[in-house]
Structure formats: structure tokens, C-alpha cells
Amino acid sequence: MCTVTIDVDEKTLRDVNPNLSDIAAIREWVQQLIDCRIQEMLEEDTETMSIEEAREMTLKAVREEYALV
């Protein structure tokens, strides 16, 4: 774990979302955003296909397009 410091315009943030009424609420909200983004990054990494999979998909699409099947 690490600690990161960021600058936030509290007034603008509260104007957009009145539920973010204090530092604790803002801290929790930011933590949730970061946790969600990390999870998305992990999922994106597992969604990457191999070169072989990409090649097979490409060949299949070309064969279907040009009726070479």
C-alpha cells in the first residue's frame, strides 16, 4: 500500500455532489474510484488476446468475407 496526496477543489466537488460534504466522505469516494479503476485495469489485462487468437479471428473473418471456407 502507498499513500498519495492529491489536490481537490472541494467547493466544486460539493457543488457537483453534495454528499461529499467533508474530507472523510471525499477520501472514501476517491478510494472507491481508485479501487474500481485498478479492478478495470486488471480485467483489461486479462482480456488481451494472444497473437494466435488474433490471427485465427482475422483468418476466419477473411475466409467468411471472401467465401473461402
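The values are calculated or read from the model by the stated rules, or taken from the named source; none is laboratory data. What you are looking at is a predicted structure, and each value in this text was computed from that prediction instead of being measured. Reconstructed Cβ throughout: ideal geometry from the backbone, glycine too, with neighbour counts over all protein chains shown. For the accessible areas, the whole protein counts, side chains as well, though only heavy atoms, and no ligand, DNA or RNA atoms are used. Shrake-Rupley method; radii C 1.70, N 1.55, O 1.52, S 1.80 Å.
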Problem - Heavy-atom accessible area order for S21, S50, largest first, 1.4 Å probe - result: S21, S50
Problem - Test item: Cα-centred dipole of the chain, Lys/Arg +1 and Asp/Glu -1 on Cβ, debye - result: 80
Exercise for the section: With a cut-off of at most 11 other beta carbons within 10 Å, and DSSP calling the residue loop, which trypsin sites (Lys or Arg not before Pro) in segment 17-68 qualify? Please list them. Expected result: none
Exercise for the section: Measure off 7 Å from each Cα along the Cα-to-Cβ vector at V62 and Q31, then give the distance between these two points in nanometres to one decimal. Expected result: 5.2
Exercise for the section: Springs between alpha-carbon atoms under 10 Å, Gaussian network over the chain: tell me which of E44, E53, E28 tops the mean-square fluctuations. Expected result: E53
Handout entry: Residue-span extension gain [S21 to M41] - 0.36 nm each, minus C-alpha spacing
Key = 4.3 nm
Fill in the blank from the handout: When the charge dipole of segment 15-69 is computed with +1 at the Cβ of Lys and Arg and -1 at the Cβ of Asp and Glu, the Cα pointing farthest to the positive end, of Q31, N17, Y66, is that of Y66
Exercise for the section: Please calculate the 1.4 Å probe accessible area of M49, with all protein chains present, and give it to the nearest 10 Å². Expected result: 90
Problem - In Å², nearest 10: area of V16 left accessible to a 1.4 Å probe - result: 110
Handout entry: Table column - 3J(HN,Hα) (Hz), segment 51-62, Karplus curve with 6.51, -1.76, 1.60, x for Gly and Pro
Key = 4, 5, 5, 5, 4, 4, 5, 5, 4, 4, 5, 5
Exercise for the section: Might you work out the accessible area of C2 for me, using a 1.4 Å probe with all protein chains in place, and round it to the nearest 10 Å²? Expected result: 110
